[in-house]
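Have a look at the structure below, then the notes.
A short reminder: the numbers here are calculations on the coordinates, not readings from a lab. What you see is a predicted model; the values in this text were computed from it and never measured. We place every Cβ from the backbone using ideal geometry, glycine too, and count neighbours over all the protein chains shown.
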Amino acid sequence: MSSDLAIETHELRKRFGAKDAVSGLTLAVPRGSICGFLGSNGAGKTTTLKMLMGMTKVSGGEGRALGLQIADARQSTEIRRRTGFVSEDKRFPWSITVGELLRFTRAFYPGWRPALAERYLNAFRLPPRASAGRLSKGLRSRLALLLALARGAELLLLDEPTEGLDPSMIEEALQALVSLVAEQGTTVFFSSHQLANVEQIADHVCIIDQGRAVVSDSLDELKARYRRVRLVFEGDPPPGGFEGARRDGRTLSLLASRNVDEIVARAKAMKARSVDVQPVTLKDIFLECSKGASS
Amino acid sequence: MFFPPNPSSGVPVYRQLIEQIRHAIETGALRAGEQLPGTRKVAEDLVMNPNTVAKAYQELEHQGVIEMRKGLGAFVAPEGRKGGDLVQKAQPVLRAAMDRMVGIGLSEEQMRRLFESEVIRLRQEPRRE
Amino acid sequence: MSAADKVLWYKAWTETRSFFRLGLTFLMASALALYVGYPDDYSKHFPNGAIAVSAEQVRALLHDGKAYIWLSWFGTSLLLGLSFLALALASTGLVRSPEGGASPGVTYALSMPVSRRKLAGVRVATGFLELATAAILPSVLVCLLAPTQGQSFPIRDGMAHVLLAMSGVSSLYGLFVFISTVLGELSKAVLGGAVLFLYGMFTFLTNGVRRFSVFRLMTGDTYFLRGEIPWLGVLACVAFTAGLVYASVRLVERRDF
């Protein structure tokens with residue numbers, strides 16, 4: 001497998017009891033990219049991230065992070081040496097202070113960046129003497145992010161890194177990520193429900209739905225391929241004409257991926273009165289691709 | 001100098017940045033020969049993806065609007081050599097030549113090889129201004 | 001030792017220090033209390049026997065001050081104190097709850113570039129060291145203070161008893177660690193306590209089982225009476241402990257978090 005991919009999985013599976021949380025996930029994340037990992041709740045995002053970190057065992061398929069096998073214990077330890085992680089559970093152990101937690105974490109990472117740690121302690125407004133186990137949700141997220149950023153990691157795996165943050169702190173967090181990527185070529189793979197944030201900084205997107213990857217592509221390309229198409233007919237629209245189209249009186253609207261020209265041609269052949277093609281946002285794409293959402 | 005692009009507009013972000021830079025040059029905010037802010041700085045200031053900034057800069061270099069100088073950064077192309085115009089002028093010339101080559105019966109591969117060998121030849125000859 | 005290793009040990013220490021301090025304080029106080037409340041006539045003590053010593057045996061022994069010290073300390077206070085400390089230390093393990101729910105800090109620990117074996121190993125070893133400290137220090141005190149009541153309990157004997165006490169409590173510790181790894185947080189503490197209580201009552205009440213009970217080993221009656229260390233018993237305890245600790249570590253290695 002190639003080394004210019006920070007993450008690659010092939011038919012990755014995780015079974016819990018009788019159910020597959022992840023059922024054949026195949027994705028590829030290029031090095032130095034910022035990749036948004038989207039999916040409804042329960043689609044398998046957290047499980048995937050935990051498998052990449054070696055916290056959850058793999059049931060089937062294979063995966064590599066930074067070229068190393070995630071299912072091998074020794075290689076997995078090496079992955080963790082080079083990866084910064086923010087988990088879904090952002091609580092911290094023991095009754096120790098923020099400052100001490102930083103010193104502890106530092107001991108495990110030879111590539112630790114003290115200047116970055118200092119900078120984000122200030123930017124994220126983290127009090128060094130506060131007890132790490134008793135922080136508010138927002139502070140916890142910031143602390144988790146700081147610990148991940150200051151590690152000098154090649155790869156960041158972040159599960160909802162901006163959870164609980166107000167907009168100005170979110171901007172600080174996004175800026176910190178962008179800065180790290182620009183400076184070090186770090187790869188960022190983060191899951192988030194805040195699509196606007198993903199759209200702002202990601203250049204790559206993976207969408208997972210019911211345990212499978214339904215999208216794994218560059219954001220620019222996705223947006224180039226997908227279009228909103230609205231067709232207005234003189235009378236009733238012809239039945240069964242267009243897959244996935246919604247009908248509203250004489251109007252048919254649909255989200256087309258990759259075959260826009262064909263649709264336009266067919267619409268014209270069916271004597272559509274007006275054919276309107278519009279670009280889409282990430283939200284449109286996500287909503288379209290996450291049909292099997294949590295109901 | 002630039003303001004953050006709108007990710008949800010229909011226009012790709014790198015294109016928006018390209019437009020902003022062109023606009024900056026047209027309005028004199030950036031002058032010929034002046035250095036542009038580095039991709040890293042732009043990415044940090046606008047909180048956008050650095051690869052996207054790099055893509056915009058590359059496209060502008062390709063269009064001849066800016067020049068990338070090794071080790072130094074990106075600079076606005078000197079006046080009078082608006083690369084964009086040059087490219088626009090050259091395109092119909094090349095197109096006509098290629099149409100004729102197709103007429104002769106050359107394949108795409110043959111045309112490409114022919115073009116590359118001509119570029120090499122040019123390199124070795126003194127340039128006529 | 002690398003900086004990372006030092007941090008691991010320190011982390012294990014911070015997780016267990018409250019229980020350790022509590023246990024050590026209690027035991028040191030008990031050691032003192034032994035001499036502060038030293039009776040003039042000790043033949044009336046332990047009418048129903050001690051935990052691992054029958055009433056008849058007690059009556060036979062209790063004409064001698066050294067026996068009183070032995071029964072009170074090694075036979076009762078230390079035995080109970082260490083057993084409960086072992087339970088407490090095992091309850092704050094690496095694994096707080098079974099698959100599906102991680103407790104705070106487990107996720108943090110698991111995201112570190114440290115093998116689970118090492119994480120769990122350091123944790124278990126810290127518990128052992130704390131138990132040993134809590135056994136040795138107050139026992140030394142007991143030996144040193146014996147002359148204040150005109151008795152003599154040589155440190156050499158004391159340390160032999162500590163060795164036996166540690167062998168015994170190690171197997172309890174191993175058992176509790178195993179239980180806590182397999183079960184969830186609340187239930188394991190309760191279960192462990194129940195096991196301990198039942199076992200103690202059982203050996204206290206039934207003569208036949210007493211011979212093989214872990215509490216008898218910890219009391220060290222063969223050493224006290226005849227200077228013989230029951231090496232077979234020690235070996236059995238060590239093997240039992242090693243087996244359970246190994247099984248616990250393997251369980252942690254294979255688990256999903």
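Are any of the pairs A:14/C:118; C:11/C:118; A:50/A:90; A:19/A:283; B:55/B:89 more than 18 Å apart by Cα-Cα distance, and if so, which? Pairs exceeding 18 Å: A:14/C:118; A:19/A:283; B:55/B:89. Helix C:185-205 and the long axis of chain C differ in direction by around 20°, with both axes built from C-alpha atoms.
Counting only alpha carbon atoms, the long axis of helix A:167-184 and the longest principal axis of chain A meet at about 80°. Taking the longest Cα principal axis of chain A as reference, the axis of helix A:98-108 is set at about 90 degrees. Here the Karplus curve 6.51 cos²θ - 1.76 cosθ + 1.60, taken at θ = phi - 60°, turns the phi angles of region A:42-47 into couplings of x, 6, x, 5, 5, 4 Hz, with x standing for Gly and Pro. Restriction of the trypsin sites (Lys or Arg not before Pro) in region A:201-264 to DSSP coil positions whose beta-carbon has at most 16 other beta-carbons within 10 angstrom yields A:250, A:258.
Pull out a ≥ b ≥ c, the square roots of the eigenvalues of the alpha-carbon gyration tensor of the protein assembly as shown, then state rounded if a/c is under 1.5, prolate if not and a/b is larger than b/c, and oblate in the remaining case. Taking the square roots of the gyration eigenvalues as a ≥ b ≥ c, the protein assembly as shown is prolate. From the alpha carbon centroid of region A:234-295 to that of region B:1-23 is 28 Å. Using θ = phi - 60° in the Karplus curve 6.51 cos²θ - 1.76 cosθ + 1.60, the 3J(HN,Hα) couplings for region A:281-290 round to 9, 4, 4, 4, 5, 4, 4, 5, 7, 9 Hz; x is entered for Gly and Pro. Can you classify region A:84-198 as rounded, prolate or oblate using the Cα gyration tensor, where a ≥ b ≥ c are the square roots of its eigenvalues, rounded means a/c under 1.5, and otherwise it's prolate if a/b beats b/c and oblate if not? Oblate, because a/c is 1.5 or more while a/b does not exceed b/c.
Shielding by partners for peptide A:73-79, expressed as the average number of C-beta atoms from other protein chains within 10 Å of each residue's C-beta, is 2. Taken over the alpha carbons of chain C as equal point scatterers, the Debye sum produces base-10 log I(q)/I(0) values at 0.11 Å⁻¹ of -0.62.
Fully extending the segment from residue B:22 to residue B:113, taken as 0.36 nm per residue of separation minus the present Cα-Cα distance, adds 29.4 nm. For region C:230-257 versus region C:3-18, the inter-centroid distance based on Cα atoms is 22 Å. Scalar couplings 3J(HN,Hα) for region C:228-244, obtained by applying the Karplus form with A = 6.51, B = -1.76, C = 1.60 to θ = phi - 60°, are 9, 8, x, 4, 4, x, 4, 4, 4, 4, 4, 5, 4, 4, 4, x, 5 Hz; x denotes Gly and Pro. Within 10 Å of the Cβ of each residue in B:40-49, the mean number of Cβ atoms contributed by other protein chains is 6. Sort out for me the Cα centre separation of region A:172-232 from region C:137-169, rounded to whole Å. Taking the Cα centre of region C:137-169 as reference, the centre of region A:172-232 is 68 Å away.
Determine which residues of region A:142-157 fall in the zone a paramagnetic label at residue A:103 would reach in this model, i.e. backbone nitrogen under 18 Å from the point 7 Å along Cα→Cβ. Inside the label zone: A:147. Neighbouring Cβ atoms from other chains, within 10 Å of the Cβ of residues in A:107-115, number 3 on average.
Spin-label pair residue C:18-residue B:120: with each label point 7 Å from Cα along the Cα-Cβ axis, the two points sit 7.7 nm from one another. Tell me which residues come under 5 Å, amide H to amide H, from residue A:59 once H is placed; ignore anything under 5 positions away on its chain. Counting only residues 5 or more places away or on other chains, the set is A:13, A:14, A:15. Descending by average beta-carbon neighbour count within 10 Å, the peptides C:166-174, C:108-116, C:249-257, A:214-222 line up as C:166-174, C:108-116, A:214-222, C:249-257, the highest first. Temperature 20 °C, viscosity 1.002 mPa s: under these conditions the Stokes-Einstein estimate for region C:1-141, based on its Kirkwood radius over C-alpha pairs, is 123 µm² per second.
In a DSSP loop and with at most 13 other Cβ atoms within 10 Å, there are no trypsin sites (Lys or Arg not before Pro) in region A:35-73. The trypsin sites (Lys or Arg not before Pro) of region A:69-150 meeting both criteria, a DSSP state outside H, G, I, E and B (loop) and at most 12 other C-beta atoms within 10 angstrom of the site's C-beta, are A:125, A:129.
Per the Debye formula on identical point scatterers at the alpha carbon atoms of region A:170-276, with no solvent, log10 I(q)/I(0) at q = 0.16, 0.18 Å⁻¹ is -0.81, -0.90. For residue A:266 and residue A:221, the FRET efficiency from 1/(1 + (r/R0)^6), where r spans their Cβ atoms and R0 equals 41 Å, is about 0.95.
Membrane-span-like helices in chain B (whole DSSP H runs, Cα extent of at least 24 Å along the helix axis, mean Kyte-Doolittle hydropathy of at least -0.5): B:83-104. Free of any trypsin sites (Lys or Arg not before Pro) that DSSP assigns to a loop and that have at most 16 other C-beta atoms within 10 Å, the longest stretch within chain B is B:83-126.
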